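Before any comments, here is the structure.
The values are calculated or read from the model by the stated rules, or taken from the named source; none is laboratory data. Values in this document were obtained by computation on a predicted structure and should not be read as measured data. Neighbour counts run over all protein chains shown; Cβ positions are idealised from the backbone, glycine included.
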Amino acid sequence: MNIHAQSDALRRRNEILRVVQAEPVHSQDELMAVLHTHGFKVTQPTLSRDLRELGLLKTPNGYVAPGAMAQVADFIPRDSRLERVNRLFRESVLAADAAGNLVVIKTPVAAAQPLASAIDAADLDDVRGTIGGDDTIFVALSTVAAAADLARHIQETAGISPVRRRTRA
């Protein structure tokens, strides 16, 4: 690749970011028209590649730049996000147990990351964040009571019993 083509791609991608951050853009055709008015000639396959390379997401309100990713959850109604997390609790949770202000959730292999992401997106009360591994999630809550409440909710939703601990004799 020659150096001029590389600098053209960088300039074009910078302009794409500037445009989608400045105004709502709902389609590639619309973005191509705006870029054309700004002096950029671009084909649809090139524009698709640029959007993919930039990591832009298409939302109901237009394309969203990576720096605005936290706002994407706002485009999905909270009820839908809660529905999704409860469905994943039913489908994916093998065990859930409160441990201090944490809830430890066990899932089948490879199910922890999608569930952790859904918990984060659901904006559940008192949840401060998640750490998801391959089959285990740690959910940090603001209080011990909130952790106990969430563990109980997950157990009830998933139809599982609380974890029973053996006491040592």
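Hey, could you check the range 92-120 for residues that are modelled with pLDDT of 90 or more, of a type outside the set (A, V, I, L, M) and not in a strand (DSSP E or B) and say which is farthest from residue 145 (Cα to Cα)?
Per the criteria, the residue is 108.
Can you tell me which residues in the range 19-51 are closer than 13 Å to residue 9 by Cβ and modelled with pLDDT under 90?
49, 50, 51
If you take the residues of the range 24-53 that are outside any helix (DSSP H, G or I) and over 23 Å from the mean Cα position of the chain (by Cα), which of them is surrounded by the most Cβ atoms within 10 Å (Cβ to Cβ)?
Step by step, filter the range 24-53, then rank; the result is 42.
One line per residue, one yes/no per condition, for (1) surrounded by fewer than 14 Cβ atoms within 10 Å (Cβ to Cβ); (2) touching a strand residue (DSSP E or B) at 6+ places or on another chain (Cβ under 7 Å):
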{"position": "95", "(1), (2)": "no, yes"}
{"position": "99", "(1), (2)": "yes, no"}
{"position": "104", "(1), (2)": "no, yes"}
{"position": "125", "(1), (2)": "yes, no"}
{"position": "137", "(1), (2)": "no, yes"}
{"position": "149", "(1), (2)": "no, no"}
{"position": "156", "(1), (2)": "yes, no"}
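If I ask for residues that are within 14 Å of the chain's Cα centre (by Cα) and either closer than 15 Å to residue 105 by Cα or among the hydroxyl-bearing types (Ser, Thr, Tyr) (or both), which ones from the range 120-146 would you list?
Scanning the range 120-146 gives 120, 129, 130, 131, 132.
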